[in-house]
Amino acid sequence: MSEFEASANPQTGHTEILTLDPSLKTRLEARRVTVMYGQKAGVKDVDMPIYTHKVTALIGPSGCGKTTFLRALNRMHDLTPSARVTGEVLLDGVNVYAPGVDPVEVRRKIGMVFQKPNPFPTLSIYGNVVAGLRLVGIRKKSLLDEAVERALTQAALWDEVKDRLHAPSMSLSGGQQQRLCIARALAVEPEVLLMDEPTSALDPISTQSIEDLLTELKNHVTIVIVTHNMQQAGRVSDFTGFFLNGDLVEFGPTNLLFTTPKDKRTEAYITGRFG
Amino acid sequence: MRSLQARYARDRLILLVVVIGTILAALPLALVLGYALVNGFSSLNWDFFTKGPKPPGELGGGMAPAIVGTLVITGTGLLIAMPFGIGAGILLAEYPDNRLNPTLRPLSDTLNGMPAILKGLLAYVLVVKTQGSFSGLSGALAMAFIMVPIIAKTTESVLKLVPWHIREAGLALGLPRWRVILSLVLPAARGGVVTGLLLATARAAGEAAPLIFTAFGNTLLTLDLRQPMDALPLRLYAYAISPYEDWHRQAWAAAVVLLGLIVMTSLLARWFTRGRL
């Protein structure tokens, strides 16, 4: 039925993946990740593997901690003075929270796309895509041109904008702006791309184009996507984690989690009894 | 419940009170402006802009050294004030947890409320005393003291208007914080920052007090910042308290030119902010 098998460890309650596919590699691994906002825990003790060149979806009702967990993966919580992250996030075996690790370096390897399209309003389409490269000192035009074409092609936007690369980024439609943001994130060639409900502000056609994109993109980059749309998780992801009240309730291959959930709460959520 | 008419009547009454209050507040300003324009315009002529002052008792002459001096002193003051003002604004807005801020903010507010003449005194102690002579540079420094807190305040408030998501987008690309601020946040707030610079300039250009014992005044045209330099407010003050009828007329003309400079700067500031932050 599936090349994967998942089972819950009865002692810890944490889900372990028994893989039957030895080619599966772990790019990112969360170990006992807890995010505290003051005295309140946003996410508690989450263990989760993120597999290389796969799409991992994080689902759950509003306020369940899925976005909080996502932002812990590339140290975006560093910017919130009240937030504190404990536990480990291993990127290719190295803890990104270890002392001496530069969060700027972490974010170059783990890119992010946000809920609302947020192109830099003062920059052109071209300027947005090369922002990450140019601002770290890459100036050679041929290199930048190459990166723009590659990133925009990967983001399935090249054909629509190739004749007006120097037009203001705000002249694009919402769906195009979001693909521009994806291109901007891809231009610095990250290993992992985190997406925080990237289609929630978009119309169904733009949503469709971004979903199609993900299947293609995972050949280049490992993807983690937060979505409140279970159908979307089902369509685009290989693995799914279900969050509730800050806990990771269940994690497994998407097709298994949706057809034979191990936990009653997962079943209740995916069958639409709450959420 | 009260009748609708009564509520409308009350509404009109309150509107009337507000309108009268506004007129009372604006009237003196309008009178001063009108009086200055009526008296000043008739005294404006080509000589006023091209010639220097004549000795007391002689008719004619103009304020070329004062006009040039005001431009040089405020311009230099702006160049000195800009990096400090914008820097302080960035620190206050972008690094709210910085240890300097609990000191910087009240300091900036106090400096803003401090009498301009004390800023002149400070420039006097720092430059005139150490250099041994009055100079345009000391006047420019006094002007900078006036401008810095204004620039810091406006920069801080426009930076805070820049949406947070722009910073997040930059940081998520793996850009260091200072890069994000200088290359992404500041350009997004450009219009507002420039407006702050212009408003600070307009405010400082009209001050006479801080120049009395710094720039000091000069009847000769000079561009040398080490020399005493004339300025419109200084010359205006000197002529207004003189016993000569002709100098009184020229003081009014100076008032019109000064007002014109300030209005132009303010209009420029408005033009920069149209449709932006």
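Taken together, the values in this text are just the output of simple stated rules run on the coordinates, not laboratory data. Since this is a predicted model, take the numbers as computed values, not measurements. Reconstructed Cβ throughout: ideal geometry from the backbone, glycine too, with neighbour counts over all protein chains shown.
To the nearest 0.05, how large is the calculated FRET efficiency for B:T219 and B:R105 if R₀ is 35 Å and r is the Cβ-Cβ distance?
Computed FRET efficiency for B:T219 and B:R105 comes out at 0.20.
Step through the table entries A:K140/B:K160; A:K25/A:K140; A:K66/A:K109, compare each Cα-Cα distance with 32 Å, and write down the pairs that go over it.
A:K140/B:K160; A:K25/A:K140
Quick one: if you stick a label point 7 Å off each Cα along the C-beta vector at A:H53 and A:A167, how many nm between them?
3.5
Quote the FRET efficiency, to the nearest 0.05, computed for A:E189 versus B:V38 with a Förster distance R0 of 45 Å and r equal to the Cβ-Cβ distance.
It comes out at approximately 0.05.
Which value in nm describes the separation of the simple spin-label points at B:D97 and B:K129, placed 7 Å from the Cα toward the beta carbon?
Output for this residue pair reads 4.1 nm.
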